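Notes to accompany the following structure.
FYI, it's all coordinate maths here, none of it is from the lab. In this text, all values refer to a predicted model and were calculated from it rather than measured experimentally. Glycine also receives a Cβ, built like all others from the backbone with ideal geometry; neighbour counts cover every protein chain displayed.
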2 protein chains.
Amino acid sequence: MISKKTKYAINALVYLTKHKHRAPIIISEIAEKEHIPQKFLEAILLDLKKAAILSSKKGKGGGYYLLKEPSEINLADVMRLFDGPIALLPCVTYKYYERCEECKDEATCGIRDVFYNVRNRTVEMLKDADLASIVKREHLLSKE
Amino acid sequence: MISKKTKYAINALVYLTKHKHRAPIIISEIAEKEHIPQKFLEAILLDLKKAAILSSKKGKGGGYYLLKEPSEINLADVMRLFDGPIALLPCVTYKYYERCEECKDEATCGIRDVFYNVRNRTVEMLKDADLASIVKREHLLSKE
DNA sequence: TTAAGGTCTATTAATTTGATAGACTAACTT
DNA sequence: AAGTTAGTCTATCAAATTAATAGACCTTAA
């Protein structure tokens, strides 16, 4: 399961995408509309800012806005930012690699092979899921 | 990431599969060979027994053995047993379903759509990964 | 210069994870 | 029947992680 932090981050980003034309948008609006504890959301948006996904303006008329294009922000990146690796085993991660102590030969480990394929397919799907495509899906789904 | 409990369970099951001809096998042997804390492993094997995946014999010459055929034990079932749902969001699980409070319409939620597809593909791959196929993969990989 | 709105630091409660200890029960062996 | 082997059950615990809250502080627009 992804953490609430990641879930909230995704919700906030989708909200910002849908209201891109009214940017910047203040934290309290996002918190209220998306049912996120405001203080918790502040920390999340700050992390997204540090990751150069969002930017902000202080003072009256300020708020948060997308720094990148919606099509350039995908769920794989967001999930990695808050929850770390997407892989289900440390030995099939890219950046957080850790060897299994009991593993005799990684290259021929059948378990690793399974989780390696799962990871690759999952990352593929999450990379495809950028903010623009998520909003687009909603339009498609509501027409069915 | 899967928990150590799940990882240990998988390792123990693969070990039992590879040494099926010598069944039953005592806990201490599995613990030692797979580098699992013995007491921890006892609880794990007990859970697998309750799930009717393993069975055991007490006393001298006793130990644990597979109750089902290796081809009938897959990683999806094992993971669900110890870590619960495989899905990354509560709203796309089968048995542990929970609605997102802020969600206006689940049927048209773009985020849900992504995670729904990820879940389905992941479960598919993990169901394919039964113990027999894992051991088979190892043989194939070592011949490359 | 004042109100709006983001930033930073600390703290905390709850939950989950990983692990350990010890008493107890069942079954095989002599 | 006694002794040994091996699984079972109950309780407990430390550490890590997650989710959330509080409050002081800094910036900027009007």
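Going by alpha carbons, how many degrees (0 to 90, nearest 10) lie between the helix axis of A:131-142 and the longest principal axis of chain A? The angle comes out at about 80 degrees. Any idea what diffusion coefficient the protein assembly as shown gets from Stokes-Einstein, in µm²/s, Kirkwood Rh on alpha carbon pairs, 10 °C, 1.306 mPa s? Taking Rh from Cα pairs, D becomes 75 µm²/s. Residue-wise HN-Hα couplings along region B:88-105, as the Karplus relation 6.51 cos²θ - 1.76 cosθ + 1.60 with θ = phi - 60° gives them from phi, are 8, 9, x, 7, 10, 8, 8, 9, 10, 3, 9, 7, 7, 4, 7, 6, 6, 9 Hz; Gly and Pro carry x.
Here chain B is treated with +1 on each Lys and Arg Cβ and -1 on each Asp and Glu Cβ, and its dipole about the Cα centre works out to around 720 debye.
Take each residue of peptide A:136-144, count the partner chain Cβ atoms within 10 Å of its Cβ, and average: the result is 4. Ranked by the mean number of other Cβ atoms within 10 Å of their residues, highest first, the peptides A:65-72, B:63-70 fall in the order B:63-70, A:65-72. Each copy carries a label point for A:LYS60 at 7 Å from Cα toward Cβ; from one copy, the others' points are 9.1 nm away, ordered from shortest.
Of the residues A:ALA23, A:ALA51, A:LEU81, the one whose Cα sits farthest toward the positive end of the charge dipole of region A:1-101, with +1 on the Cβ of Lys and Arg and -1 on the Cβ of Asp and Glu, is A:ALA23. In terms of Cα to Cα distance under 20 Å, which aspartates and glutamates are near enough to A:LYS60, apart from those fewer than 8 places away along the same chain? Straight-line reach from A:LYS60, under 20 Å: A:GLU29, A:GLU32, A:GLU42.
Helix B:110-128 and the longest principal axis of the Cα set of chain B meet at an angle near 20°. Measuring against 31 Å, Cα to Cα, the residue pairs A:LYS4/A:LYS104; B:LYS4/B:LYS104; A:LYS18/A:LYS58; A:LYS18/A:LYS39; A:LYS57/A:LYS143 contain A:LYS4/A:LYS104; B:LYS4/B:LYS104; A:LYS57/A:LYS143 as the ones spanning a longer distance. Distances between copies at A:ALA23, taken between label points 7 Å from Cα along the C-beta direction, are 6.0 nm in increasing order.
Note on region A:1-102: along the principal axes its Cα atoms extend 58, 26, 21 Å, ordered by decreasing extent. Restricted to Cα atoms, region B:48-144 shows a radius of gyration and a Dmax of 18.3, 61 angstrom.
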